[in-house]
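These notes are about the structure you will find just below.
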Amino acid sequence: MARSVPVKILLNEEIKAKYVKYCDRYGISMSAMAAFIIGNWVYSQEKLADPVVEQLMDKLKDSLGDKISEVTKDMDIRLLK
């Protein structure tokens, strides 16, 4: 198992009070709840957000590539005249 490393976060008092309430409700420590929340967020980024962003970037690259080709083709035609 990988070794755990400490991560420090700062919360205002109001958020901390609500956070403690939820930790108590679920019967887990603040550290365990934070690890769960962060782990869940990282997992969802890898499984949901990253593929969508990659697809968008590919589409943008294709679209920009087509536009650049059109512009350079127009420039070549003008230079030949």
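A few notes on this one:
- Look at (i) 52, 14, 11; (ii) 38, 24, 10; (iii) 28, 15, 10: the one that is semi-axes √(5λ) of the Cα gyration tensor in Å derived from this structure is (i).
- Nearest-ten-degree value, helix 50-80 long axis tilted from longest Cα axis of the chain: 20
- Counted charge near Lys18, where neighbours are those whose Cβ lies closer than 14 Å (Asp, Glu -1; Lys, Arg +1): 0
- Computed extension length for Lys18-Ile37: 5.4 nm, one decimal, from 0.36 nm per residue of separation with the Cα-Cα distance subtracted.
- Note on Met30, Met57: ascending count of other Cβ atoms within 10 Å places them as Met57, Met30, the fewest first.
Values in this text are rule-based calculations from the coordinates and carry no lab data. Computed from a predicted model, the values in this text were never measured in an experiment. No Cβ is skipped: glycine too gets one built from the backbone with ideal geometry, and neighbour counts run over all protein chains shown.
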